[in-house]
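Report on one structure; see the data block that follows.
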Amino acid sequence: MTKAELVDAVAKSANLSKGAAEKAVGAFINSVSEALKNGDRVTLVGFGSFEVSDRQARTGRNPQTGSEINIAAAKVPKFRPGKALKDSIASGK
């Protein structure tokens, strides 16, 4: 599902105009992004949680040459699905 398809689904589900749904989806994405930038965790009970994880520096290999390269440490976003989401996918509902 693309962002445009998500906007269409939200508009249809909430009986909103596409413009209002696009603003709502954009505001949600911006709010989650800002919270993660600030080091906060965003939890939507039943759906899941977004958080920032620290990835340690490591050594990898260049797939073209096979030479070793150093991969820098990084902060990466992570999503953990909630029980209700897992259950709805497992049951197909």
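The values are calculated or read from the model by the stated rules, or taken from the named source; none is laboratory data. Because the structure is predicted, anything quoted here is derived from the model rather than measured. Glycine gets a Cβ as well: all are built from the backbone with ideal geometry, and neighbour counts include every protein chain shown.
Output the residues belonging to segment 14-61 that are of a type in the set (A, V, I, L, M, F, W, C), in contact with a strand residue (DSSP E or B) (Cβ under 9 Å, 6 or more places away or on another chain) and closer than 24 Å to residue 85 by Cα.
Our first condition is that a residue be of a type in the set (A, V, I, L, M, F, W, C); within segment 14-61, this holds for 14, 16, 20-21, 24-25, 27-29, 32, 35-36, 42, 44-45, 47, 50, 52, 57.
Subsequent filtering for residues that are in contact with a strand residue (DSSP E or B) (Cβ under 9 Å, 6 or more places away or on another chain) retains 32, 35-36, 42, 44, 47, 50, 52, 57.
Listed by number, the residues that qualify are 32, 35, 36, 42, 44, 47, 50, 52.
Screening residue 43 with (1) under 22 Å from residue 3 (Cβ atoms); (2) modelled with pLDDT of 95 or more gives one miss only, at (1).
Could you please let me know if residue 10 is surrounded by 13 or more Cβ atoms within 10 Å (Cβ to Cβ) and either touching a His at 6+ places or on another chain (Cβ under 7 Å) or not assigned by TED's automatic domain parsing to the domain that holds residue 88 (or both)? The answer is yes for residue 10.
This table checks each residue for (1) among the acidic types (Asp, Glu); (2) part of a strand (DSSP E or B); (3) surrounded by fewer than 11 Cβ atoms within 10 Å (Cβ to Cβ).
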position	(1), (2), (3)
50	no, yes, no
64	no, no, yes
77	no, yes, no
86	no, no, no
90	no, no, yes
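Out of all the residues in segment 53-74, is one or more within 27 Å of residue 4 (Cβ to Cβ) and within 15 Å of the chain's Cα centre (by Cα)? No - not one qualifying residue is present in segment 53-74.
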